[in-house]
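The values are calculated or read from the model by the stated rules, or taken from the named source; none is laboratory data. Keep in mind it's a predicted model, so treat the numbers as computed, not measured. All Cβ positions, even for glycine, are placed from backbone atoms using ideal geometry, and neighbour counts span all protein chains on display. In case anyone asks, the SASA skips ligands and DNA or RNA and just uses the protein heavy atoms, side chains included. Shrake-Rupley method; radii C 1.70, N 1.55, O 1.52, S 1.80 Å.
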Amino acid sequence: MPVVAIAIVAANGVIGDGDRQPFEIAEDWARFKRVTLGHPLIMGRRTHEAIGRWLPGRTTIVVTSRPESITLPEPDEGPKRTGHAVASFNEALQLAQNIDDEVYIAGGGSVYEQAWPYLTDLDLTEVHQQAEGDVRFPQVDPAEWVEVERDARDGFDFVHYRRR
């Protein structure tokens, strides 16, 4: 079963400052929507808050030490906006695997680290510039990961890695 980390990563590995990501690239957001649509999406509380809404067309599972503090989507928001809040990454992964045969991990840094042993693929937008921030994506070790596709754009690349 594919478990895929999806992220936008600066050249120095930064993915955010704890509150938001450093890059807003419309083409990246469009691709994120297209790739994750219809699949469960696991993210931490701060990532969920940074997005600011429940994403339509996928089940969002928020990992937080206080699941009761997360306001879940209302039924009148439509059947395409579903969400859960759970206390652990393992609980989130089990729930996601019961929903679909492909799972996406959307951050932040702690959630990527917890997901790392389970990941089969990385779907990265690699930005060709440095960024400020203290939240980093885990190091992609070529001994562990092989690049299987690269789509070069102006200032960034869409890159797909598969675990060896």
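With the structure loaded, tell me whether Gln97 is at pLDDT 95 or above, open to solvent by 20 Å² or more (accessible area, probe 1.4 Å) and either among the small types (Gly, Ala, Ser) or assigned to a helix (DSSP H, G or I) (or both) or whether it fails that test. Outline the logic, then answer.
Numbers: at pLDDT 95 or above: yes; open to solvent by 20 Å² or more (accessible area, probe 1.4 Å): yes; either among the small types (Gly, Ala, Ser) or assigned to a helix (DSSP H, G or I) (or both): yes.
Taking the combined requirement at face value, the residue satisfies it.
Counting just the residues of region 120-138 that are in contact with a helix residue (DSSP H, G or I) (Cβ under 9 Å, 6 or more places away or on another chain) and either exposed (fewer than 14 other Cβ atoms within 10 Å of the Cβ) or among the aliphatic types (A, V, I, L, M) (or both), which one comes out nearest to Gly44 (Cα to Cα)?
Val135
Step by step: first the residues of region 131-164, then only those that are in a loop (DSSP other than H, G, I, E, B) and free of Cβ contacts under 8 Å to residues at least 24 places away in the same chain, then the one that is nearest to Arg34 (Cα to Cα). Which residue is that?
Asp154
Would you pick out the residues in region 25-48 that are outside any strand (DSSP E or B), over 17 Å from Glu102 (Cα atoms) and in contact (Cβ under 8 Å) with a residue 12 or more places away in the chain?
Ile25, Glu27, Asp28, Arg45, Arg46, Thr47, His48
Within the set of pairs 6+ apart or on separate chains, which have a first residue in region 107-130 that is within 16 Å of Arg163 (Cβ to Cβ), a second that is assigned to a helix (DSSP H, G or I) and of a type in the set (D, E, K, R), and C-beta atoms under 9 Å apart?
Sorted first by the residue in region 107-130, then by its partner, the pairs are Asp123/Arg31.
If a residue must be open to solvent by 70 Å² or more (accessible area, probe 1.4 Å) and at pLDDT below 95, how many such residues does region 79-94 contain?
3
Looking at Glu144, Glu113, Glu149, which one is open to solvent by 50 Å² or more (accessible area, probe 1.4 Å), at pLDDT 95 or above and within 20 Å of Met43 (Cβ to Cβ)?
Details: Glu144 fails: within 20 Å of Met43 (Cβ to Cβ); Glu149 fails: within 20 Å of Met43 (Cβ to Cβ).
It is Glu113.
Could you check how many residues of region 16-57 are of a type in the set (A, V, I, L, M, F, W, C), over 23 Å from His84 (Cβ atoms) and open to solvent by less than 50 Å² (accessible area, probe 1.4 Å)?
Total satisfying the criteria: 2.
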